[in-house]
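Rule-based calculations on the coordinates, nothing more; no lab input. These numbers come from a predicted model, not from an experiment. As a convention, Cβ positions derive from the backbone with ideal geometry for all residues, glycine included, and neighbour counts pool all protein chains shown.
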Amino acid sequence: MTEFIQLLWSGILNGMLYALIGLSLVLIFKTARILNFAAGTMAGFTGWFAWWWATKQGIPFLLAILVAIVMVAVATLLIERLTIRPLINENFLSIVTITLGLEFLIANLSINFFGGRAESLRIPGDIQFKNFEIGGVRFNWWHVVILISTFIILAIVGYIVNRTELGLAMRAFAEDKDAARLMGIKESTVSQWTWTLSVTVGGLAGILFAPVLFLQQDYMNIPFIKGFVAAILGGFTSLSGGVLGGLLLGELEAFAVKYAPRQMAAALPVIIVFFILLIRPRGLFTRAKAHERV
Amino acid sequence: MTYNEQTSPSSASAMQRAGIPVPGYIKRNHILGVFFFALTFLLLPQFDQYTTAIGFILVFAAVGGSLVLAFGAAGQFTLGHSIFLGAGAFLSANIANDSYGWGRGLEVEIPIALAVCFVLGLIVGLPSLRVNELYLALATFAIAYVGQQVLYEWKQFTAGGSGKSAGDLTLFGWEIGRGTPYIRLSLIIILVTFWIVGNILDGKTGRSMNALRTSETAARSVGINVAWLKILAFGISGAITGLAGVLYIHNLRYAGPENFNVHLSILLILTLIIGGRHRLAGAVVGAIFVKFLPELIRDVQEYEGIIYGGALIFLTLFSPRGIIGLIEAGLRSIGALLANTPVANILPNSASKEIEASSDGTPLESLSLAGLANSEKRGHLTVTDARVIFGGVRAVDGVSFEVEAGKVTGVIGSNGAGKTTLFNAITGHAKNAEGVFTLDGFELSNKPIFTRSLAGLGRTFQNLNLHGDIRVLDHALIGLEREMKYGRVSEAFRLPHVVRNERQAYERSAELLDHMQLLEFWNEKVDDLPYGLQKRVDVARGLATNPSVLLLDEPAAGLPTAEALEMMEHVIEYAEHIGCGVIVIEHNVELVADVCERVIVMDAGKILADGTAQSVMQNADVIAAYLGT
């Protein structure tokens, strides 16, 4: 039982990472039908950037996080304006290509800028090394911080999407682009804030998990792939689907490590997901789309 | 490349008048390709220190060539090609090290890599049947990811993390020297591969792939088996990439599973996007850009990602057709400067010219169209109890009628009466349609769209389902897909009967365009045409399929009545010529009364009236429901 809960807990933890990355991908996909291949690299960049402010510039931890997030958000506004907006009405492929280009560009920049050696993001009080126990199950203090922060992030995103005017505009765009335009919603505003929100969510994941994964030059690449899988699992158009998909994938992995043959453990979750998709190509948590109009 | 033997001596054929190049064996691109091949072949010893880099360019160019088919032509955005590269490489290594006792040497490695990766490609292509665009990218991405894990764990095949050495490099027992001799051999292999891919692109397979990329729905409606074609695109593309895998491991002399990661897949497709995905030359240019530039300028290596990324973003924003697109635009401008003409005049979309009329008779009397003349009437269509229900709406609610062979029938009714849905039920585009449909005794119900089309059901679309960036002439050729009787293997080697068949098809297409008064626009991309001409192209594509009955869905919508009438006259003239029936949905009552012998009026999913135009127009119900007083 103790072991079961321990596995469950580690699954939840990884699941949170995949859920946040998945959410970051779904946010953009849902409103703009764009797959952001640079999401992982951008998240990693934010993590490195926070480290750079905290360690190299010596400013306080929380302030470093804030500065990193704000600066990346501003950069995102700029990137969106220069590279995404001109192609906003082009086909799916053009913008995917742009994000692939951004991925290469930002990955290279972050190696040049941050050095590319493995580093660690120090947390005040070193709480990432401190554990406590409840009934034989070990918990790490930083993991608890991750859990709480993730809940806060999810709540804020949920609030923005469901309760604000911006969220309403985003949902309107997700539903029907042309109708939303006719109702006077400005596409550029929606696009730029969606991007910023998405990159911020990813960036927070990058920072939260930097102490867990350790900062390496491409430490967010694997989480990106997993977040991607989580988003597929959730159907790629449902925010809660993406989050649930992430948690499901995290648990699958945690239990695969324990119960699946060693050679299979790494690939098994992805294989399972692949077969799920063959049966339900549009994900587990979405309804089928209306058929094509001829 | 003279072409005289089949044209009528008395007058110029439609092709000659329009200046349409006759399909042959040798093209300008072949000469360019052989020239660059010879140049590289001869100058190779000068670049001794770069042989590995050149080897990689060739590998990337080969993969690029394979992607021109699957992605450039067929439009399947795949991120799974690292799998084929890995499979080809490890097959080659195992054979070269004689693990299987099949004998060693490239003469064994290449056919086996081609065959295995072809089958693997068919399997990897399976998801493309259910999903496209984003979801296909995701599915193939997942396959590439799982595939690499398989390579890691399948230790007998790949030696796991430690990797395999390439083994001896021999061809029919001859030892091939590393360095220049090996690169020369690769060059020859690539040259042959490109020739084959080029032939496939020029033939029916390439055309159907382009049709499928630009409109799957329309491709189905002209009788293209879209499902098989998609899988085939993956198969052929996979086979060629497998061949590139053989070259990959011999070039590197060693490879492990870590070489074939998802990032490689992405880089492969980016290479082609950078080069230009619509041309084989794009594959070469992209490969040189991605694999040689960093080699040439050593200092640049540190900024590789910035250069690739920057180039991608720049090209996507300013030249969606890649570097080749830039070069083509540049050459056109230079050509314009030399000829001292304004650029606009020589851009392809303004290339049309006035075409003198044929001196003797109408296009229908021209050689290949005259051969289609058919006094026997076809197109006996029966519809029994057709029903289509969307949620709670009965769009078509128990419609039955019978159309005699070779007649022109009109279907009218207010918007939402279920006219288009009825067409969709007959052609198979409406997935949940019930009812029994037969055409000339052939049962259509529950058959796939393309089978119904092959059975003689032609159609056009209300909201124009054309093949965007494809030439007008190719629309007619796409319609003629079923007339291309050659096999795909013959096509790959462009055997004489393939060329003969292509010539006939070109001739017939040109004459059909002539009849539809589209000949002068044959070289235009259909997107660049005005709406009225697009309508005609849609109809011409439908006629090209030589249907037994042609369903026209509002062919005249948005056209001035005079223009619409003129077009309908041409359509009906052609239909009578080939003995084909026509059913036309139209809101223009004047036009319907003019051309239709019989009119069916629909209202709320049911037939309201049915009879001669005259009787229907005077029917009180029809006047109340539709015509108004």
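Summary of computed values
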| quantity | calculated |
| --- | --- |
| Length-normalised contact order for chain B - Cα pairs under 8 Å, 6+ apart - percent | 17 |
| Helix B:180-202 vs. chain B, principal-axis angle (Cα, 0 to 90°, nearest 10) | 0 |
| Once the Cα gyration tensor of chain B is diagonalised, semi-axes √(5λ) in Å | 51, 28, 22 |
| Test item: Cα-centred dipole of segment B:165-242, Lys/Arg +1 and Asp/Glu -1 on Cβ, debye | 300 |
| Peptide B:132-143, shielding by other chains (average Cβ, 10 Å cutoff) | 5 |
| Two-decimal Rg/Rh across segment A:2-220, once Rg and the Kirkwood Rh are taken from alpha-carbon atoms | 1.01 |
| Angle between chain B longest axis and helix B:496-515 axis [Cα atoms, degrees, rounded to 10] | 40 |
| Averaged over B:525-538, number of beta-carbon atoms from partner chains that fall within 10 Å | 0 |
| Neighbouring partner chain Cβ atoms per residue of A:89-101, average, 10 Å criterion | 6 |
| Given charges at beta-carbon only (K, R positive; D, E negative), |dipole| of the protein assembly as shown in Debye | 2480 |
| Residue-wise HN-Hα coupling along segment A:10-27, computed from phi with Karplus coefficients 6.51, -1.76, 1.60 (Hz; x: Gly, Pro) | 5, x, 4, 4, 4, x, 4, 4, 5, 5, 5, 5, x, 4, 4, 5, 5, 3 |
| Average projection area in nm² (convex hull over Cα atoms of the protein assembly as shown, one quarter of hull surface) | 43.8 |
| Filter on B:Lys164/B:Lys230; A:Lys186/B:Lys230; B:Lys204/B:Lys525 - keep pairs with C-alpha separation over 29 Å | B:Lys164/B:Lys230; A:Lys186/B:Lys230 |
| Segment A:2-220: relative contact order in percent, alpha carbon pairs under 8 Å with at least 6 residues between | 40 |
| Likely footprinting exposure, B:Glu402, B:Glu376, fewest C-beta neighbours within 10 Å first | B:Glu376, B:Glu402 |
| As computed over segment B:32-156, the Cα convex hull volume per residue (Å³) | 142 |
| Burial ranking of peptide ranges B:121-132, A:111-122, A:22-33 (average Cβ count within 10 Å, highest at the top) | A:22-33, B:121-132, A:111-122 |
| DSSP beta bridges in the protein assembly as shown [antiparallel fraction, %, rounded to 5] | 65 |
| Peptide ranges A:155-164, B:269-278 listed from the most packed, as the mean C-beta count within 10 angstrom indicates | B:269-278, A:155-164 |
| Tail weight of P(r) past 24 Å, computed on alpha-carbon pairs of segment A:1-121, percent | 40 |
| Label-point separation in nm, A:Leu8 to B:Phe35, each point 7 Å along Cα→Cβ | 7.3 |
| Likely footprinting exposure, A:Tyr18, B:Tyr254, fewest C-beta neighbours within 10 Å first | B:Tyr254, A:Tyr18 |
| All lysines inside 24 Å of B:Lys419 as judged from Cα atoms, apart from same-chain residues fewer than 8 positions distant | A:Lys289, B:Lys407, B:Lys431, B:Lys447, B:Lys535, B:Lys606 |
| Estimated [θ] at 222 nm from DSSP helical runs (n ≥ 4, -39500 (n - 2.57)) normalised by residues in chain A, nearest 500 | -23000 deg cm²/dmol |
| Over chain B: helical MRE at 222 nm, DSSP H runs n ≥ 4 each giving -39500 (n - 2.57), nearest 500 | -16500 deg cm²/dmol |
| Compactness index (Cα Rg / 2.2 N^0.38 Å), segment A:94-173 | 1.68 |
| Å³ per residue enclosed by the Cα convex hull of segment B:126-203 | 183 |
